[in-house]
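Take a look at the structure set out below.
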Amino acid sequence: MRKKVVIANWKMNYDFHDTTFFIRNFLKIVFERKINHNKEIILAPSFPFLHISNQILQGTTLNIAAQNIHHKDKGSYTGEVSASMLKSIGIQKVILGHSERREFFFEKKNILLEKMKIALKYNFNIIFCVGESLYERSNNQQFKTVECQLKETVFQCPSNNIKYFYIAYEPIWAIGTGKTATFEQAQTMHEFIRSLFLEKYGESVSNKISILYGGSINDLNAKDLFSQKDIDGGLVGNSSLQIEKFLKIVQS
Ligand code: PGA
């Protein structure tokens, strides 16, 4: 059985108060309603709040992920945060390849490869995002784009590293737009991604890897998406900023 995973990507939205308020209240409800059974819940706050967030979650089954890391181990990179720094405060998961980082911070294949390498060096779990633009989908290039994104990054890893990865399929046209992929569109792409893992690494890897969907997931569409056979959960942006909405998504 593949792990079901739900990740809250808070992006650059929550300050200290919002972060700690959310986590404390969310935790209380999760345990009262026993809804963390059989699934992995991961919260991704901003850098300054990772430490306190991790402390609040100590001894629970919930996890924290960083939204980014720098691609070098250490050195003169003013303003940056390294994998080893995060490791030293107990962080073990990181989101890489998000389309907002690719677009606004020009993260291309070489940087992503270095980030992956550093993350693996410190035994991080990597939530690796792929997805096509609207232009690519309109030209029926979505499969080619996603295949290429995987081949030039994740597929450079030997098979014994794949256990550290979660893949998040996030069509760019669906992120933060309110336009979700239909569950058929998402399932078709997830099935395709799994077939690429099968081709590259064989059945035991492709059966185990969790492939999450991301892009305008909400409390109304989550159930349909998550009931598809190759969709193992979601990476949630906007709808993870409200406790009750996010809880409904988790329960889906
Ligand atoms: P969204 O963001 O749910 O607001 O579309 C998803 C993401 O960017 O991970």
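The values are calculated or read from the model by the stated rules, or taken from the named source; none is laboratory data. Please read these numbers as outputs of a predicted model, since none were measured by experiment. Neighbour counts are summed over all protein chains in view; Cβ atoms, including those assigned to glycine, are modelled from backbone coordinates with ideal geometry.
Tabulated values for the structure
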item: Among the candidates Ala186, Ala174, residue that is out of contact with any Asp or Glu (no Cβ under 6 Å at 6 or more places or on another chain) and either surrounded by fewer than 19 Cβ atoms within 10 Å (Cβ to Cβ) or at pLDDT below 95 (or both); result: Ala174
item: Residue count, the range 189-199 (criterion: of a type outside the set (A, V, I, L, M, F, W, C) and surrounded by fewer than 16 Cβ atoms within 10 Å (Cβ to Cβ)); result: 3
item: Residue count, the range 153-192 (criterion: in a helix (DSSP H, G or I) and among the hydroxyl-bearing types (Ser, Thr, Tyr)); result: 3
item: Any hit, the range 16-25, residues being farther than 23 Å from Ser216 by Cβ, acidic (Asp, Glu) and modelled with pLDDT of 95 or more; result: no
item: Residue list for the range 161-175, filter: in contact with a Ser or Thr (Cβ under 7 Å, 6 or more places away or on another chain) and either among the polar types (S, T, N, Q) or near the ligand (Cβ under 7 Å from one of its atoms) (or both); result: Glu170, Ala174, Ile175
item: Test: residue in the range 211-221 that is surrounded by 15 or more Cβ atoms within 10 Å (Cβ to Cβ), more than 14 Å from Val154 (Cβ to Cβ) and of a type in the set (Phe, Trp, Tyr); result: yes
item: Which numbered condition Gly75 fails, given (1) more than 16 Å from the ligand (Cβ to nearest atom); (2) at pLDDT 95 or above; (3) within 29 Å of Ile209 (Cβ to Cβ); (4) in contact with a Ser or Thr (Cβ under 9 Å, 6 or more places away or on another chain); result: (3)
item: Subset of the range 130-161 [within 18 Å of the chain's Cα centre (by Cα) and either without any contact (Cβ under 8 Å) to a residue 40 or more places away in the chain or crowded, with 20+ Cβ neighbours inside 10 Å (or both)]; result: Val130, Gly131, Glu132, Val146, Gln149, Thr153, Val154
item: Criterion (in contact with an Asp or Glu (Cβ under 7 Å, 6 or more places away or on another chain) and of a type in the set (Lys, Arg)) met by exactly one of Lys223, Lys248, Lys208; result: Lys248
item: The range 196-252: number of residues that are more than 14 Å from the chain's Cα centre (by Cα), part of a loop (DSSP other than H, G, I, E, B), farther than 12 Å from Ala186 by Cα and more than 16 Å from the ligand (Cβ to nearest atom); result: 1
item: Cβ pairs under 7 Å, 6+ apart, first in the range 93-115 and of a type in the set (Asp, Glu), second more than 12 Å from the ligand (Cβ to nearest atom) and modelled with pLDDT of 95 or more; result: Glu114/His71
